[in-house]
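A short write-up of the structure that comes next.
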Amino acid sequence: MRVSANIHIAAPREAVWANISDPGRVLSFMSGVTRWEIADERRTGLGARYRTVLRIGAAEVGGLIEVVEWVAPAELAWTSVTGLDQRGRWRLREAPGERTQVELRLAYGVAGSGLSGWLAERIAAPSVAGHLRRSLEQLRRMSEHAQLRERAAERRPGR
Amino acid sequence: MPQISVAPGPSRNARHTATVGEPASTASRPSRFARALRAAARQAERVLPRADLDARDPDFIRDRLPSLWLLASLWFRGEVRGLGNIPDAGPILLVGNHSGGNMTPDTIVFTLAFSTYFGVERPFYQLAHNLGVSMPALAQLRRFGTVAATPANARDALDRGAALLVYPGDDHERHRPTSQRNRVDLGQSKGFIRLALDHDVPLVPVVSIGGHETALFLTRGERLARWLALDRLFGLNALPISVALPWGVNVGDLLGHIPLPAKITIEALPPIDLRADFGPDPDPDYVYDHVVRLMQATLDALAGERRLPLIG
């Protein structure tokens, strides 16, 4: 099952990238994520591994994920190593007016689980899609507030 | 996932079994019929497959996670808290209170939660009555990691670095009357404390509520079980009587029942390091009282959150 969400953020792509690529900030904006810990020596970049948990229905679904694509500041993709099968991707594109178009995709499933797997994926989809939408909204607020603070700091005289 | 669980180590079963071997007066000697039944039970135990740690199958569990998730999310509206309290790796002893008769809905919800949180790759075993895991219809339980509640299996599981879930209260607690639904009753079974000490593993209390609202439990039927010699023949201390779907009056619950869709809430408490908290040679009675008090306080808090039975 694949779900995705889009949003436009009034901030440069680099500023948004700084938020999504920093594992220390993920819990600040990712809805439903209760855990996002660095699981390896590498903190960011290709090959970085994180232990993650996302609440869906009665379960907190977790596992080890690994970053498999890292093209700053445009593409960040991961895939699961253990736990529920999942692939995720951030796509950041420049938009007119110093804005950034952000897309978050998540594909998940349990291979070989038959009809119950098919049904569970579809029943969970609205909840997962809701998490993605709220995550993007929180990312937008976080990135735009940071921009406002930066501009305000620039306007202050003598600093 | 119907499950019959017993505590590791010396238990009420063991006490009953011990009395069988003691010299008995002619008056109390078992009848020829009882001896024949016992011999048949021993024969059946030899023939039936015993649970084996190697029977656990992570791929099988992964395939069944969606079914468990549907059941736990839609039917029981399960909510499991405090999984972050459970150490990420290494052997641990999870000690739970047990509810819901033979259908054990709390075990279903917790097994799902543990397997999705830590991944099916982390070895996780549950101790259960050998009669339960030996039934051909319940063969799938063994692939979930459910093993016979023997001290040897408990030791092996912890030696392998696994998480081990035990229900010391066994059928005594699982079949308690509905009027005692918010009471932790581990039946004075203290084998789990010796197990944790012997293996020097942290003990994590797991408290659940809601499982005992899935039917109306009237009585444990312990006297009936003794009268029918079920305790000596099959290690069953109870022959419960309940009102449950689809049977109406349900005696024994041996065929299980359809649990009512009660909301199940489970909370894992912070781990207890017995030697760090109680000294190098802790008194099992003192530790037992402490664990039960802790679990009861948590159960009281969970009960306080519930507005209505079933609804949660």
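Bear in mind these aren't lab numbers, they're just calculated from the coordinates by the rules spelled out. Keep in mind that this is a model prediction, so the values were computed, not measured. Cβ coordinates were reconstructed from backbone atoms using ideal geometry, including for glycine residues, and neighbour counts include every protein chain displayed.
What number of residues within the stretch B:49-92 satisfy the criterion of being of a type in the set (D, E, K, R) and in a helix (DSSP H, G or I)?
Number of matching residues: 5.
Hand me the list of strands (runs of 3 or more DSSP E) wholly inside the stretch B:176-267 holding 3 or more residues that are free of Cβ contacts under 8 Å to residues at least 40 places away in the same chain.
B:248-251
Right, A:SER143: touching a helix residue (DSSP H, G or I) at 6+ places or on another chain (Cβ under 8 Å) and closer than 19 Å to A:PRO73 by Cα or not?
yes
List the number of the failed condition for A:ARG35; all other conditions in (1) touching a residue at least 40 places away in the same chain (Cβ under 8 Å); (2) within 14 Å of chain B (Cβ to nearest Cβ); (3) not hydroxyl-bearing (Ser, Thr, Tyr) hold.
Answer for A:ARG35: the failing condition is (1).
Within the stretch B:291-312, how many residues turn out to be assigned to a helix (DSSP H, G or I) and out of contact with any strand residue (DSSP E or B) (no Cβ under 8 Å at 6 or more places or on another chain)?
Of the residues in that region, 7 qualify.
Between A:ALA125, A:ALA111, A:ALA77, which is within 18 Å of the chain's Cα centre (by Cα) and in contact (Cβ under 8 Å) with a residue 24 or more places away in the chain?
When all the criteria are applied, what remains is A:ALA125.
Kindly provide the set of residues from the stretch A:98-157 that are within 14 Å of another protein chain (Cβ to nearest Cβ) and hydroxyl-bearing (Ser, Thr, Tyr), ordered by number.
Matches in the stretch A:98-157: A:TYR108, A:SER113, A:SER116, A:SER127.
Provide a single number: the residues in the stretch A:49-82 that are hydrophobic (A, V, I, L, M, F, W, C) and within 14 Å of another protein chain (Cβ to nearest Cβ).
Result for the stretch A:49-82: 9.
Okay, residues lined up against (1) assigned to a helix (DSSP H, G or I); (2) out of contact with any strand residue (DSSP E or B) (no Cβ under 8 Å at 6 or more places or on another chain); (3) at positive phi:
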position	(1), (2), (3)
A:PRO73	no, no, no
A:ALA77	no, no, no
A:ARG87	no, no, no
A:ARG91	no, no, no
A:ALA107	no, no, no
A:SER116	yes, yes, no
A:ILE123	yes, yes, no
A:PRO126	yes, yes, no
A:ARG133	yes, no, no
